[in-house]
Amino acid sequence: MDAVVLHNISKTYNKGSITAVTGVSLSVAKAELFGLIGPDGAGKTSIFRILTTLLLPDGGSATVDGKDVVKDYKAIRGCVGYMPGKFSLYQDLTIEENINFFATLFGTTLQENYDLVKDIYVQIEPFKNRRAGQLSGGMKQKLALCCALIHKPTVLFLDEPTTGVDAVSRKEFWEMLKRLKQQGITIMVSTPYMDEATLCDRIALIQSGKILSVNTPASVVQAYPDKLYSIKGDTVSKMLRDTRAYSNILDVYAFGEYLHATFKDGADNITGITGYLKSKGHNNVEVTEAVPTIEDCFIRLLKQ
């Protein structure tokens, strides 16, 4: 039995005038690290709030650990851990006081489940008497994760846990998630960062409340159907406008300091686009074949 199952889930706000989630169906296996990948406003938080029984769906059904999110909401609240996107612990309480408070809510103690949170707790223990509101972003996330794990949940929901966190803390956080997965905990994490998608066992790409694709990160990339090219020049913005006007262009978009482009046919695109851009006055033009990323796949799916 899968740990999380959604079947045709829908959710609207403001008396139906705002659609947040439309017909979402997916499943997450036990002890799987599953990523819900999409930008702000894609519907990730609404899905997480439905699965943690904080919102009622307008349509469809969902189960967590075999329990219905509507009928069995009390049982679900006892077996899941939830870390919302916004830091929501008590900022005037210390690290130790926050952990003890949440442990008491679930009738347990830090000592009873210490093995589960040890790897995280040892990093914040030296500051256990510091108020939560005075912690850095990375430390706040570690404290929030400790509090979400203190009652030994079977399923862990993490809503954009690394947003606003420095690169080192992000790396440490994902390493902690891998260790938790090894302990048999099912983890469902949402993130707007496409590079984090590759750290998940499987991912669902979501935009405007609709699932675009569900697969392993490698399979999503392998499904990219076109040959992708990377184009670099002196002026990205002007080069983007000119490349869009190229007769053989299929799609082109800015990708950092580069352009990523696909073409309509299999002709010698490197020579063709290079000559075209030079004729438009662009200097130092470099065109090479590129390996598609999750972000490239996401952009392509958006345009289908």
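What the table below lists for this structure:
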item: Reference-scaled alpha-carbon Rg (2.2 N^0.38 Å with N residues) for segment 248-304; result: 1.18
item: Net lengthening on full extension, residue 283/residue 54 (0.36 nm per residue, minus Cα-Cα); result: 76.9 nm
item: Selected from 245, 167, 148 as most flexible by GNM, with the chain as the system and alpha-carbon contacts under 10 Å; result: 245
item: Theoretical ellipticity at 222 nm over the chain - DSSP helices of four or more residues, -39500 (n - 2.57) apiece, nearest 500; result: -10000 deg cm²/dmol
item: Kirkwood hydrodynamic radius over Cα pairs of segment 194-304, then Stokes diffusion coefficient at 37 °C and 0.692 mPa s, in µm²/s; result: 220 µm²/s
item: Reachable aspartates and glutamates from residue 15, criterion Cα separation under 16 angstrom, eight or more residues apart if same chain; result: 58
item: Over 24 Å (Cα to Cα) - which of 210/238; 67/152; 74/171; 140/210; 140/181; 44/128 fall in this group; result: 210/238; 74/171; 140/210; 44/128
item: Considering only the chain, percent of DSSP beta bridges that pair antiparallel, nearest 5; result: 65 percent
item: Globularity index of the chain, i.e. its alpha-carbon radius of gyration over 2.2 N^0.38 Å; result: 1.18
item: At R0 = 30 Å, FRET efficiency that the Cβ-Cβ distance of residue 182 and residue 61 yields, to 0.05; result: 0.45
item: Relative intensity, log₁₀ I(q)/I(0), of segment 1-137 from a Debye sum that treats every alpha carbon as a point, q = 0.15 Å⁻¹; result: -0.90
item: Straight-distance crosslink candidates among aspartates and glutamates, where the alpha carbon sits under 17 Å from residue 278 and sequence neighbours closer than 8 are dropped; result: 234, 242, 268, 286
item: Estimated Rh, segment 1-58: Kirkwood, alpha-carbon pairs, angstrom; result: 12.1 Å
item: Longest site-free stretch - the chain; sites: GluC sites (Glu not before Pro), DSSP loop, at most 14 other Cβ within 10 Å; result: 113-256
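Where a number appears in this text, it was derived from the coordinates with a stated rule and is not lab data. For clarity, every value in this text was computed on a predicted model and none was experimentally measured. Note that we place each Cβ from the backbone using ideal geometry, even for glycine, and neighbour counts take in every protein chain shown.
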